[in-house]
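Reviewing the structure listed below.
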Amino acid sequence: MEQQGQDLNRIVLRGCAAGKVVFSHQSHNEQFYRFPLAVERLSGNEDVLNVLFSGRLLPPERISVGDRLEVRGSLRTFNNKSGVGAKLVITVLAQEILPTADDHANDLTLAGTICRRGEARRTPLGREICDFTLAVNRRYGRSDYLPCIAWGSLAQRCAAMEVGERLRLEGRLQSRVYTKQLGDRSEERVAFECSAMSLEAETAKEKAFCAAHCEKILANSDRVG
């Protein structure tokens, strides 16, 4: 049974490989590769999400464009300092990749500490929305800082929460295309965010502990990666 107060970061995706596997980087003599996974929504739209995996998990030549795959893992963030594309990059670090014939799925569970409070606002179409940032600790003292959004009554609840409060949410990881103005030209970019379908605040005792601990989390924010 999971304990309250424990940080969680789990995602299960089922979709189709939407591009070729390419080399990403090497860390501690371990080679990592990445590929885009297209996951359909119930609406018929799709999210194209970045999957990162170790060559020790699976030889890269085992994945081809169009393969139906199930990916189990967790979210990872790092700051893109190249000046090209979005500043915050979110990837799915795979712990397991398997062939599948099951329906598309995008199931995300997170539990962590609110480190940037959001404010409820309305979209041009009149929907209420609140965006906030959730800090989720990894092992060995590192954290991932995940942009999250909530809609409707969930947006109102999130707007009432304070920095340092703990929150557990279930939802999905989604991609969103937007246009960035760069002086006299524009550039199409892709943003990734965690969309909450349900959420639960933790107990007052845990909130007090996390509020005291939140400054330490924020002090390490420059170590995102």
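Per-structure values
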| read-out | value |
| --- | --- |
| Per-q log10 I(q)/I(0), the range 3-81, q = 0.14, 0.16, 0.19, 0.26 Å⁻¹ (Debye; single scatterer per alpha-carbon; no solvent) | -0.54, -0.69, -0.91, -1.33 |
| 1.4 Å probe accessible area per residue over the range 1-123, in Å² | 58 |
| Surrounding net charge for SER198, when Lys and Arg each add one and Asp and Glu each subtract one, Cβ distance under 13 Å | 0 |
| The range 93-172, relative contact order [Cα under 8 Å, separation at least 6], % | 36 |
| Alpha-carbon Rg/Rh ratio, for the range 113-193, with Rh computed the Kirkwood way | 1.04 |
| The range 18-169 - Rg (one decimal) and Dmax (whole number), Cα, Å | 17.4, 51 |
| Carbon + sulfur, % of accessible area of the range 1-123 - ligands and nucleic acids excluded, 1.4 Å | 47 |
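The values are calculated or read from the model by the stated rules, or taken from the named source; none is laboratory data. Fair warning: this is a prediction, and the values are worked out from it, not measured in the lab. Note that each Cβ is placed from the backbone with ideal geometry, even for glycine, and that neighbours are counted across all protein chains shown. SASA here: full protein model, heavy atoms, side chains in, ligands and nucleic acids out. Shrake-Rupley method; radii C 1.70, N 1.55, O 1.52, S 1.80 Å.
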